[in-house]
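Only one structure is covered here, and it is reproduced in the block below.
None of the figures in this text is laboratory data; all of them are computed from the coordinates on show. In this text the structure is predicted, and so the values were computed from the model without any measurement. Cβ placement follows ideal geometry from the backbone for every residue including glycine, while neighbour counts extend to all protein chains displayed.
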Amino acid sequence: MHNFHDTLFKGNIFKELVKVLFEKSGYLVIPYGYETQLSSIRGKLAQIDNSKTALKIRSSPDLLVYDNDKDVKLVEVKMSSYQCPRLNKKLLESYRRFWDDAILVMVLPFENVFYAQEIHNLGIKEQYDPKTDFVPIQNMFSKINLDDLDNYGNIACNLIDSMKKADNEMENGN
């Protein structure tokens with residue numbers, strides 16, 4: 001699972017998991033990213049390197065999260081199977097340039113599972129420690145139901161484990 005569509009599929013699974021977690025907690029969530037809004041031309045946008053507009057569109061956050069308390073946030077969702085994940089520096093620079101006030105949600109297979117941080121609070125570095133660079137998602141989204149957080153955390157860990165096994169089997173030719 002290493003081509004564009006496979007990576008997109010994996011990302012969509014975790015984006016949907018986070019979306020449902022927010023919705024079950026009372027947030028209104030609308031898909032926002034270019035994979036959703038501009039799906040018919042996403043392949044063409046990926047080929048344009050020298051356009052500020054194309055770069056901004058490609059780096060669009062995944063979700064718009066609206067709180068009935070009159071707050072709205074843009075959320076980018078990323079998954080990693082590593083305890084200290086690496087983020088694409090070029091992509092993170094685009095987030096900071098165009099979406100500085102957005103929130104990055106990391107789905108990681110340990111402890112709290114769902115971590116969050118405002119893009120403008122993230123430095124650009126080789127790898128990130130969720131314990132020091134991020135906060136548990138419920139610290140930024142206080143309405144998140146802790147039972148749902150545990151439930152979806154278990155689902156996320158099982159999905160990540162299954163994907164790692166499938167990738168290993170494909171690499172080993174099984």
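For the pair ASP167 and VAL72 in one chain, pulling the backbone fully straight at 0.36 nm per residue adds 30.5 nm over the alpha carbon distance. Counting only DSSP beta bridges with both residues in the range 4-171, tell me the antiparallel percent, nearest 5. Of the beta bridges lying entirely in the range 4-171, close to 75 percent run antiparallel. Taking the fewest neighbouring Cβ atoms within 10 Å as the starting point, the ordered list for ILE13, ILE103 is ILE13, ILE103.
What are the equivalent ellipsoid semi-axes of the range 4-171, built from the alpha-carbon gyration tensor (square roots of five times its eigenvalues), in whole angstrom, biggest first?
Working: eigenvalues 106, 83, 54 Å².
Each semi-axis is the square root of five times an eigenvalue, giving 23, 20, 17 Å.
Straight-line cross-link reach from LYS90 at under 16 Å between alpha-carbon atoms covers these aspartates and glutamates, not counting any fewer than eight positions away in the same chain: ASP49, GLU76, ASP100, GLU126.
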